[in-house]
Amino acid sequence: MLIANEAFDQLSELSNRDEYECCTISNCSFPGANFSTAKFIECDFVDCDLSNLKVNETSFREVNFRNCKMIGIQFDTCNQLLFEASFSNCQLDHSVFFQMKLKHAEFVQCKLHDVDFSEADLSGTKLIGCDFTNAKFDFTNLEAVDLSKSYGLNLDPELNKISKAKIPLSQLPGLLAKYQLKIDKDH
């Protein structure tokens, strides 16, 4: 069933059999809910708890997540055809984006502790002001990515594509960590 142009507020349940188009979902709590096979097109999630959400074959097309708690979501199981999402001021700790094509996605002021970006294509992505503490980047395409004001970055440039990436000077030690260098910031 198509549900269009609706605003949902303070719900604790949403059907995974429906298609949501141009909807706003705010102040909702769905921890551990099953959104598998649901379709979200041009929707906004605002101030929601989506932790441990099940998203098997879920479609996210032009979806915005703002101020959401999204811990432990296996995004790599969702429908990746036309996946397009932006995240602003979200907590995505322990989420997985393994092998996903996230070209031109946006992550702004997000907490991304222990997030798995292994083998993902993040080329051209904006990752601005994000906390990447213990985030995993293995064989990840980070070409032309914008990491302005981001921190906690620790990745191996020999295992990842990083050409033309915009990386804060303060994060260069995270690119050299495997060499166990002692970097003197005074000179």
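Quick grid of which residues meet (1) surrounded by fewer than 17 Cβ atoms within 10 Å (Cβ to Cβ); (2) over 16 Å from the mean Cα position of the chain (by Cα); (3) modelled with pLDDT under 95:
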| site | (1), (2), (3) |
| --- | --- |
| Cys22 | yes, yes, no |
| Cys28 | no, yes, no |
| Asp49 | no, no, no |
| Cys68 | no, no, no |
| Ile73 | no, no, no |
| Thr77 | yes, no, no |
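Among the residues making up the range 9-20, those that are in contact with a strand residue (DSSP E or B) (Cβ under 6 Å, 6 or more places away or on another chain) and at pLDDT below 95 are Ser12, Asn16, Asp18.
Scanning the range 13-32 for residues that are closer than 19 Å to Met1 by Cα and assigned to a loop (DSSP other than H, G, I, E, B) gives Glu13, Leu14, Ser15, Asn16, Arg17, Asp18, Cys22, Cys23. Restricting to the range 134-151, name every residue that is closer than 13 Å to Phe117 by Cβ and assigned to a loop (DSSP other than H, G, I, E, B). Within the range 134-151, Asn134, Ala135, Phe137, Asp138, Phe139, Thr140, Leu142, Val145, Leu147, Ser150 meet the criteria. Checked against (1) surrounded by fewer than 19 Cβ atoms within 10 Å (Cβ to Cβ); (2) touching a Ser or Thr at 6+ places or on another chain (Cβ under 9 Å); (3) over 18 Å from Ser148 (Cβ atoms), Gln109 meets all criteria but (3).
The values are calculated or read from the model by the stated rules, or taken from the named source; none is laboratory data. Quick caveat: nothing in here was measured; it's all calculated off a predicted structure. Glycine gets a Cβ as well: all are built from the backbone with ideal geometry, and neighbour counts include every protein chain shown.
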